[in-house]
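Heads up: the structure comes next, in structure tokens.
The values are calculated or read from the model by the stated rules, or taken from the named source; none is laboratory data. Model, not experiment: these values are computed from the prediction. All Cβ positions, glycine included, derive from the backbone under ideal geometry; neighbour counts span all protein chains shown.
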Amino acid sequence: MADPTPDKPIPPTTLDHTPTAPSTAATLIAEGFGTFLLVLGVISTALFAANFGVGETGTSLGVGFLGVAFAVGLTVVAGAYAFGPISGGHFNPAVTLGVAAAGRFPWSKTLGYIIAQIIGGLVATSIIVLIGLWGPTGWLEAAQSGGFASNGYGDASPGGFGLGSVIVVETLFTFLFVLVILGVTHAKRGNPAFAGLVIGLTLTLIHIATIPVSNTSVNPARSIATAVYGGVVPLGQLWVFIVFPIVGALIAGFAYRALFDGTAKK
């Protein structure tokens, strides 16, 4: 009977190797691509498809607010499953700061993530501008004069809502969004397999509820990406859509950590 022990050790197969963590460059590229996908999806839908076909009769073949809301949700789902395993799938400076406040992400890495997200968003809107250059006569000029799907308040709000309303909406709904993210991705109590779907559907709901108020930001990278092509008014109001989503996210992060991640008393 042959000796079952080989003379030489068998080289390990690929299944024997422990997967290595993604490099810093890989995580930043994934965040950039994910944010690019999100912004490209939602802003393309808003500018190309939302009001498509509106003519003198007022009949529209477009997808409207509901279609835009689902577009952003679908892009988040796709990005979460495609890039989430590499970078965590933030795609939003407010989310990055919120999960850092919750103790789930190193503060030292937040700046790199935020820069990657802003770049990804700007590349997306720049490509939309490039498409518009070869679009129907006057399309790009009309898109820019209409604000380029930017966020806004007062006359720049789709429903004419004022600054106070927009501050409440952007703070509150970003707070709720980050709470959902922290809950569904919790290491012990969450459900990672469905996290991307839950997060995408939550963002869809947020857009359905708030597009008429502020054109829905809850994401400073998205707001920056459109404001740079939207003209003076969106740029002048941009601070609101940077400050208050971040405020809501930070409150959510610190609150979740204090309320749900504290050590239980015996």
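Would you confirm, using the coordinates I've provided, whether ILE119 is surrounded by fewer than 22 Cβ atoms within 10 Å (Cβ to Cβ), at pLDDT 85 or above and within 30 Å of ALA258 (Cα to Cα)?
no
Exactly one condition in (1) modelled with pLDDT under 95; (2) of a type outside the set (Asp, Glu); (3) surrounded by fewer than 20 Cβ atoms within 10 Å (Cβ to Cβ) is false for ALA50; which is it?
With respect to (1) modelled with pLDDT under 95; (2) of a type outside the set (Asp, Glu); (3) surrounded by fewer than 20 Cβ atoms within 10 Å (Cβ to Cβ), ALA50 is out only on (3).
Every residue in the range 229-241 that is touching a helix residue (DSSP H, G or I) at 6+ places or on another chain (Cβ under 8 Å) and surrounded by fewer than 18 Cβ atoms within 10 Å (Cβ to Cβ), please.
Answer for the range 229-241, where residues must be touching a helix residue (DSSP H, G or I) at 6+ places or on another chain (Cβ under 8 Å) and surrounded by fewer than 18 Cβ atoms within 10 Å (Cβ to Cβ): GLY231, VAL233, LEU235.
I want to confirm something. Restricting to the range 225-247 and keeping residues that are assigned to a helix (DSSP H, G or I) and small (Gly, Ala, Ser), which single residue is farthest from the chain's Cα centre (by Cα)?
Out of the qualifying residues, it is GLY236.
Search the range 210-239 for residues that are closer than 18 Å to PHE65 by Cβ and pair each with any residue that is at pLDDT below 95 when their beta-carbon atoms are under 7 Å apart and the residues are at least 6 apart or on different chains.
From the range 210-239, the pairs are ILE211/PHE65.
Only one of (1) over 23 Å from GLY190 (Cβ atoms); (2) crowded, with 24+ Cβ neighbours inside 10 Å fails for PRO93. Which number is that?
(1)
Sort through THR27, THR96, THR35 and tell me the only one that's over 23 Å from THR171 (Cβ atoms), modelled with pLDDT of 95 or more and part of a helix (DSSP H, G or I).
On the way: THR96 fails: over 23 Å from THR171 (Cβ atoms); THR35 fails: over 23 Å from THR171 (Cβ atoms).
So the residue among THR27, THR96, THR35 that is over 23 Å from THR171 (Cβ atoms), modelled with pLDDT of 95 or more and part of a helix (DSSP H, G or I) is THR27.
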